[in-house]
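Contents: one structure, followed by commentary.
The values are calculated or read from the model by the stated rules, or taken from the named source; none is laboratory data. What you see is a predicted model, and the numbers here were worked out from it, not measured in a lab. Glycine gets a Cβ as well: all are built from the backbone with ideal geometry, and neighbour counts include every protein chain shown.
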Amino acid sequence: MGRRNDPGAPRGVRVELRSAGVELDGTTLLEPVSLSVPAGGTLVLRGANGSGKSTLLRLVSGLRLPTSGEVTVDGAAPAPRRRAFRRLVTGTVEPPLLARDLTLGEHVALVATTWGTPVRDARTAAGALLERLGIANLAHRFPHELSSGQTQLASLATVLVRPASLLLLDEPEQRLDADRTAVVAELLAERREEGATVLVATHSTPLEDALGGDVLRLAAVTADVPGQDVGPGAEDLTLDGGTADA
């Protein structure tokens, strides 16, 4: 059951891009994009590899600065060095940082306590989340003992255990089978119902369908620099079920 009326539930935050674009050494990584996601809204980013999905998420997270335009989260520029901003935002935009000498269960509980959950409640929440993800039996394993798919689930667990207002997920279905992807979709949908704002880049149509919300389709642009994340021209952007700010 959602907790939109629960005063203790994290409120969602509004995300806006106004002609925000990125260039690096003369190469366009993301053409200027304008969009608005309301507090508690969901935006699914679709597009081929190299279409700029990851770059857009990094702009919102504050891990990359726009070279043109403006990005705001909750009315202010992203500021990942500020604890107040980090409290609002969580996600899988960066690879997970898992300490070698902490077990999976310890990791998830530690993240929960770091962001305000009492220790006893954190252990309970960590156990319940690992159970939902189907990896409760791995709680006593160390990071180097996990497979790539298990590591992906561990990363998602450290994100979902946090009471954040904005979730940024970059292809959360990576290395997961259809059943696990469906579970992740359920968990994200629950966070949306609780009032969080959710931005997800994905290649998974079932995940898109489960989340609902608006869909932003990014078209790939050919780049001269191999391996770079390159965005679409503004005329190629479409927002299904909503409108993009011009």
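Name the pairs whose Cβ atoms lie under 9 Å apart, with the first residue in the range 178-196 and within 14 Å of GLU208 (Cβ to Cβ) and β-branched (Val, Ile, Thr), the second at pLDDT 95 or above and assigned to a helix (DSSP H, G or I), and 6 or more positions between them or separate chains? From the range 178-196, the pairs are VAL184/LEU153; VAL184/LEU156; VAL184/LEU160. For the range 42-69, the set of residues classified as modelled with pLDDT of 95 or more, more than 25 Å from ARG83 (Cβ to Cβ) and part of a loop (DSSP other than H, G, I, E, B) consists of THR67 only. One residue alone among GLU131, GLU186, GLU194 is buried (at least 18 other Cβ atoms within 10 Å of the Cβ) and of a type in the set (D, E, K, R), and that residue is GLU194. Only a single item in (1) surrounded by 17 or more Cβ atoms within 10 Å (Cβ to Cβ); (2) under 29 Å from ALA126 (Cβ atoms) is not met by GLY52, and it is number (2). For residues that are part of a helix (DSSP H, G or I) and without any contact (Cβ under 8 Å) to a residue 40 or more places away in the chain, scanning just the range 110-119, find the one that is nearest to LEU138 (Cα to Cα). In this case the residue turns out to be LEU110.
Return yes or no: is THR114 modelled with pLDDT under 95, hydroxyl-bearing (Ser, Thr, Tyr) and farther than 25 Å from LEU45 by Cα? When the stated conditions are applied, THR114 passes them. Residues that are hydrophobic (A, V, I, L, M, F, W, C), assigned to a strand (DSSP E or B) and either crowded, with 17+ Cβ neighbours inside 10 Å or at pLDDT 95 or above (or both) within the range 16-41 comprise LEU17, ALA20, VAL22, LEU29, LEU30, VAL33, LEU35, VAL37, listed in sequence order. Checking every residue in the range 172-194 against the condition of being over 25 Å from ARG123 (Cβ atoms), in a strand (DSSP E or B), at pLDDT 95 or above and under 12 Å from the mean Cα position of the chain (by Cα) gives zero matches. In the range 98-109, of all residues being in a loop (DSSP other than H, G, I, E, B) and surrounded by 12 or more Cβ atoms within 10 Å (Cβ to Cβ), the one that is modelled with the lowest pLDDT corresponds to LEU98.
In the range 130-150 there is no residue that is among the small types (Gly, Ala, Ser) and under 30 Å from PRO78 (Cα atoms).
Condition first: at pLDDT below 95, in contact with a Pro (Cβ under 9 Å, 6 or more places away or on another chain), surrounded by fewer than 21 Cβ atoms within 10 Å (Cβ to Cβ) and on the phi > 0 side of the Ramachandran plot. Can you find one or more residues in the range 205-216 that meet it? No, there is no match, as no residue in the range 205-216 is at pLDDT below 95, in contact with a Pro (Cβ under 9 Å, 6 or more places away or on another chain), surrounded by fewer than 21 Cβ atoms within 10 Å (Cβ to Cβ) and on the phi > 0 side of the Ramachandran plot.
THR124 fulfils the conditions (1) in a helix (DSSP H, G or I); (2) hydroxyl-bearing (Ser, Thr, Tyr); (3) surrounded by 17 or more Cβ atoms within 10 Å (Cβ to Cβ) except for a single criterion, (3).
In the range 152-164 there is at least one residue matching the filter, namely being closer than 22 Å to ASN49 by Cα, in contact with a strand residue (DSSP E or B) (Cβ under 9 Å, 6 or more places away or on another chain) and at pLDDT 95 or above.
Among the residues making up the range 70-97, those that are in a loop (DSSP other than H, G, I, E, B) and surrounded by 17 or more Cβ atoms within 10 Å (Cβ to Cβ) are ASP74, PRO78, THR92, VAL93.
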